[in-house]
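*Asks:* Would you mind keeping the following structure in view while I ask a few things?
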Amino acid sequence: MEDEQLKIDFTPEGEPFDFIASVKLTTGDELIAGITYPPEDQSVIMLHNPMQVLEANASENSTVIKGFKLDLWMKSCMSQDETFILDRANIITLQTVNPPIREFYKENIEMVFKNSIPNRVRPTPHMGSLGSINKARATFERMYKT
């Protein structure tokens, strides 16, 4: 029995939050985020990957189309697993979002972070010619020398 070890897997299954909700703050900001109530402190909630809800308007001929778009709430935090602690006193209302909004939120999270990662693919010689500035300058000077 000594050779057998109990393997404990600490990786949580599923989402790192309890549910996705729309949150209206006393500042006027409207957010959609994953929500967790930490059991050790009932005066705060945890917001996972909060996205700010912004109004989006478009017009086509005489028809005005209104909707919303999502953007990062904290522009300086660009990690896909950001968690913020918010005092409940700063919340006016909180409501669970319906399934289409939940899917829209999840798609936006993936899109925002996929587009924000700089230099995802480093160039290699297999991709094509990797020249240098000096070689290109010399070539252009030879081509356009009068």
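The values are calculated or read from the model by the stated rules, or taken from the named source; none is laboratory data. Small disclaimer: the values here were computed from a predicted structure and weren't measured. Here the Cβ is made from the backbone with ideal geometry for all residues, glycine too, and neighbour counts use every protein chain on show.
*Asks:* Confirm whether PHE17 is within 19 Å of ILE109 (Cβ to Cβ), at pLDDT 85 or above, out of contact with any helix residue (DSSP H, G or I) (no Cβ under 8 Å at 6 or more places or on another chain) and of a type outside the set (Lys, Arg).
*Replies:* Numbers: within 19 Å of ILE109 (Cβ to Cβ): yes; at pLDDT 85 or above: no; out of contact with any helix residue (DSSP H, G or I) (no Cβ under 8 Å at 6 or more places or on another chain): yes; of a type outside the set (Lys, Arg): yes.
No: the conditions fail for PHE17.
*Asks:* A further question on this structure: Checking PRO100 against (1) touching a residue at least 40 places away in the same chain (Cβ under 8 Å); (2) in a helix (DSSP H, G or I); (3) not charged (D, E, K, R), which single condition isn't satisfied?
*Replies:* Exception for PRO100: condition (1).
Listed here are the residues, each with its yes/no results for (1) touching a residue at least 40 places away in the same chain (Cβ under 8 Å); (2) part of a strand (DSSP E or B).
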| position | (1), (2) |
| --- | --- |
| THR27 | yes, no |
| GLY34 | no, yes |
| GLU40 | no, no |
| MET46 | yes, yes |
| MET51 | yes, yes |
| ALA58 | no, yes |
| GLY67 | no, yes |
| CYS77 | no, no |
| ILE85 | yes, yes |
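*Asks:* Restricting the search to region 55-90, which residues are of a type in the set (A, V, I, L, M, F, W, C) and either surrounded by 11 or more Cβ atoms within 10 Å (Cβ to Cβ) or within 15 Å of LEU25 (Cα to Cα) (or both)? Before the answer, list the steps.
*Replies:* Going through region 55-90, the residues of a type in the set (A, V, I, L, M, F, W, C) turn out to be 56, 58, 64-65, 68, 70, 72-74, 77-78, 84-86, 89.
Passing the criteria: ALA56, PHE68, LEU70, LEU72, TRP73, MET74, CYS77, MET78, PHE84, ILE85, LEU86, ALA89.
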